[in-house]
Each structure stands twice: as structure tokens, then as C-alpha cells.
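S.K.: Provided herewith is a single structure, encoded as C-alpha cells, for subsequent inquiry.
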Amino acid sequence: MRRVYLDHNATTPVHPEVYEAMQPFFQNQFGNSSSIHWAGREVRKYVEEARQKVAELLHAAPEEIIFTGGGTESDNMAIKGVVYRWREKGNHIITTQVEHHAVLHTCQFMERMGYEVTFLPVDNYGLIDLELLRRSIRPQTILVSIMLANNETGTILPIKEIGEVTREKGVILHTDAVQAVGKIPINLQDLPVDILSLSGHKLNTPKGIGAQFIRRGTKLFPLLHGGGQEYGLRAGTENIPYIIGLGKACEIVRRDFQQRVSHLRRLRDRLEQGIKDRIPDVVLNGHPTQRLPNTLNMSFVGVEGESLLLNLDLEGIAASSGSACTSGSLEPSHVLLAMGLPPEIAQSAIRFSLGWNNTEGEIDYVLEVLPRIVQRLRDISPLYQRRRHQVERI
Ligand code: PLP
């Protein structure tokens, strides 16, 4: 059976060059980078090179980069680290209703710990109202945490404008850039962000490695206490092979960026247009243009998203009905609901997220298979006729 993987926002395959770069660090280069002897020193040199590569991709300084165990850890570290460090100053956090659970659930936990959290609403595209953000900042606000790009819809939030507001108000801004890194240019020289989280496995490294940008002068407590690794901000002997892998992945992203992005955009647009041309009653979820070049989230009115996913899977096509953490449950996506979609339209959503190694042939295969499946599911859906009228109202 043909296999087509269109779920790169969930995870990506390891790049062969990343895999190759990691190899020596499983065997010969086994030292502990904190050791002062030759074995440690050699490894330390490579870790610092990797740090430099992550920094270069983001236009940051190497000492502003901390390696972590992934996106979830970075998000937790940013939120808990800032909130605990600044608890004397205030107890109020601002985030949005469309964050990944790594941020959303952490903020909900902080609420249970006695902090106050404002979850900003979004419009139909998943964008926030900057004026509302400004008005929501109080003297007790110690952190604003807003994602750079949404994992489900690909909508890109105006983080520069958001940062201008937080700078003016003197509040720390954290952004979850897990989906944005590698897909849109990020220049921290002119982006007023204080802390930025990223994850390796969205960039073709293995799972379980991430990084945190912490702007010089931004103060937060570590999440993990122990040794003094990572400038005292992330204790624990470093995961050397994975750090090397992340460095390599960032180097590749920088090298291939333009080519990758235009390839992704071309294929994504081909898929989007192809679906619109072949299937009636579809709704695009997310911003039409202010969107990651690889992401396409669409609702197929009258069809259960999960059924569509299973049928696509039978044809060898891997997609998603939302974030990977919520698939498997039939709850409509919190992101789509926050964007004002009626639950049944949210439940009929499918996310296709492309990777640099997808081909035109794969997209055409999806365009050949998908209309048939949608038609079949609609034929047996007693609700389709009723639901299609809802599209006109969206
Ligand atoms: N934030 C966003 C926006 C994500 O999409 C993800 C993963 O899907 C995460 C955080 C969590 O990253 P990790 O899987 O590396 O823990």
C-alpha cells in the first residue's frame, strides 16, 4: 500500500544528516561535557557548536540558548520559571484560548496554585485583539505567553506587535514557537520576545530534545534543580547526541530555508486548491494568508473528522484531526471552538501538515482518494443535508 505522511506538525522523520551527525556521540564521543578531562572537553566543544547553530537560526547569542527535553519542558520552564521568580511582583498571567496544551494546561495548573490567568479570546482566524491584550495587562501581570503559530490551523500571531505592547508595559513575553521555527523566518534581533520555546522533533531530530531562548537580562527560576548545567537553568547531564542533532537540524533549516518554504507552500496550495475544486462544502480553518506554509486545516461538512482520518489511513494517508494529544478523543478541538466554529463543523476538521520531503505525486494521490471518501461518508450521513446549510452562515 502507498504511504503518504501528512502529519508533520505532530512529528517529523529524522533527517539523514541529523542521524549521521549524532552517531559518534553514542560511541566514541561519550564524555560528560562537564568533565574537565579530554573526554569531556571534546564533547563540550561540540555542544557549544550546536548552541551556536541554534542561536544563528534565531539571530540570538549562544549564551541565550538553553537545551531542554522538548517543547513541553520549554513551555513549562518559561511559565513556571517566570511566575515563581516574580511572584513577589504579581500573580497575573495572560495567555490565549488557542495555545497548545503544554501552555494551556500549565496555565490552568498555575490557576489551581492561586495565580490569576486571563485566557484571551480569538477571532474567526485565531488572532487576538491587541487592544484587549493591552487592556488586560494589570500592575500585577508578570507574564504574557502567546504562541507564534498555531499547531492546528497554522495561523501566525502578530508577535512583533504583541511584543511592542508587553515592552511598553514592562511585562515578560514568552512565545511558544514550536511550530513556527523552520517554517517562518524568526529574527530575535527585531522581535521583542523575552523567552522563546522550540522543539527538535518538529525539525527532523528525534523526539525529546528542545531549546529555550532566554534574552540576556531576563530572570527566571530553573524548572529542574541539581548540577549547574546550562548556565544553572537546566540541571542534569546533557543529552549530548540529541543536542548535536538539534544543532545540525538548525544548520540544515538555515541552509535550505527558502527552498523548503517555497516547496511547502507550493504543495500546500496545490492541496488546498485541489480540495476546493473537487469537494463542495468545505471550510478553511485558520487565516487564509497569515498562516504557516505547510499547514492546511479544513472542515468537511457533514463528515466526522475521525471517520475521515480512519478512511484516509486505510488508503495509507496519515493526517490529523487536531493536535496529536487530543486525537483519540472525540472532543472537538479547543482551538476551533475558540475560533467560533460550531461543534459539528469543528468535529469535521482535518489537518494536513506537510514536510519538505513530500512530493507533488503524494498530493495528487490525496486529491484522487479524498473526494471519494468524503462522498462515501456524506452518502451515509443523515446530517449532511442539515449541516451543509451551516456553511453558508460561517
Ligand atoms: N507547543 C506546540 C505549539 C506544539 O505543537 C507542540 C507539539 O505538538 C508542543 C508545544 C510540545 O512539544 P514537544 O512534543 O516537544 O513536547
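Any read-out appearing in this document is the output of simple, stated calculations on the displayed coordinates, not a laboratory observation. Computed from a predicted structure; not experimentally measured. Glycine gets a Cβ as well: all are built from the backbone with ideal geometry, and neighbour counts include every protein chain shown.
S.K.: How much length would be gained if the chain were fully extended between Tyr365 and Arg138, taking 0.36 nm per residue of separation minus their Cα-Cα distance, in nm to one decimal?
M.R.: Separation in residues times 0.36 nm, less the Cα-Cα distance, equals 76.5 nm.
S.K.: Please work out the C-alpha center-to-center distance from the stretch 72-90 to the stretch 157-232 and express it in whole Å.
M.R.: 13
S.K.: Another one. What would the Debye formula give as log10 I(q)/I(0) at q = 0.16, 0.24 Å⁻¹ for the alpha-carbon point model of the stretch 3-78, no solvent?
M.R.: -0.83, -1.25
S.K.: How tilted is helix 71-85 with respect to the longest principal axis of the chain? Cα atoms for both, answer in degrees (0 to 90, nearest 10).
M.R.: The two axes meet at around 60 degrees.
S.K.: Which order do the peptides 258-271, 241-254 take when ranked by the mean count of other beta-carbon atoms within 10 Å per residue, highest first? Display every interim value, and only then the final one.
M.R.: On the way: 258-271: 17.0, 241-254: 24.6.
By packing density, highest mean first, the sequence is 241-254, 258-271.
S.K.: Further, regarding this structure: Work out from phi, with θ = phi - 60° and the Karplus expression 6.51 cos²θ - 1.76 cosθ + 1.60, the ³J(HN,Hα) of each residue of the stretch 183-198, listed in order in whole Hz, and give x for Gly and Pro.
M.R.: With coefficients 6.51, -1.76 and 1.60, one gets 10, 9, x, 10, 10, 6, 5, 10, 10, x, 10, 8, 9, 9, 9, 9 Hz.
S.K.: Hey, another quick one. Give, in nm to one decimal, the length gained when the segment between Lys276 and Gln189 is fully stretched (0.36 nm per residue of separation minus the Cα-Cα distance).
M.R.: Computed gain between Lys276 and Gln189 is 27.4 nm.
S.K.: Could you tell me which residue out of Gly200, Tyr5, Val374 lies farthest along the dipole of the chain toward its positive end? Charges go on the beta carbon: Lys and Arg +1, Asp and Glu -1, centred on the Cα centre.
M.R.: Gly200
S.K.: I've got another one for you. Near the amide H of Arg291, under 5 Å away, which other amide H atoms are found, from residues 5 or more places off or on another chain, if H is placed in the peptide plane?
M.R.: Here the answer is Ile156, since their amide H atoms fall under 5 Å of that of Arg291.
S.K.: Residue by residue through the stretch 94-105, which ³J(HN,Hα) values in whole Hz follow from phi under the Karplus form 6.51 cos²θ - 1.76 cosθ + 1.60 (θ = phi - 60°), with glycine and proline marked x?
M.R.: Once θ is set to phi - 60°, the couplings for the stretch 94-105 become 10, 9, 10, 7, 10, 5, 5, 4, 4, 8, 4, 5 Hz.
S.K.: Looking at the stretch 3-112, which trypsin sites (Lys or Arg not before Pro) are DSSP coil and have at most 14 other C-beta atoms within 10 Å of their C-beta?
M.R.: Arg3, Arg87, Lys89
S.K.: Considering only DSSP beta bridges where both residues belong to the chain, give the percentage that are antiparallel (nearest 5).
M.R.: 55
S.K.: So in the stretch 60-193, what percent of DSSP beta bridges are antiparallel if you round to the nearest 5? Before the final figure, lay out each step's value.
M.R.: Working: 1 of 13 bridges.
Percentage antiparallel, nearest 5: 10.
S.K.: Placing +1 at every Lys and Arg Cβ and -1 at every Asp and Glu Cβ, with all other atoms neutral, what dipole size does the chain have around its Cα centre, in debye to the nearest 20?
M.R.: Value, rounded to 20: 380 debye.
S.K.: Also, I was wondering about something else. From the backbone phi of the stretch 4-20, what are the Karplus-calculated ³J(HN,Hα) couplings (6.51 cos²θ - 1.76 cosθ + 1.60, θ = phi - 60°) in whole Hz, Gly and Pro given as x?
M.R.: 10, 9, 10, 9, 6, 6, 7, 6, 10, x, 6, 5, x, 5, 5, 4, 5
S.K.: A further question on this structure: Need one number for the chain: average projected area of the convex hull over its C-alpha atoms, nm².
M.R.: 19.8
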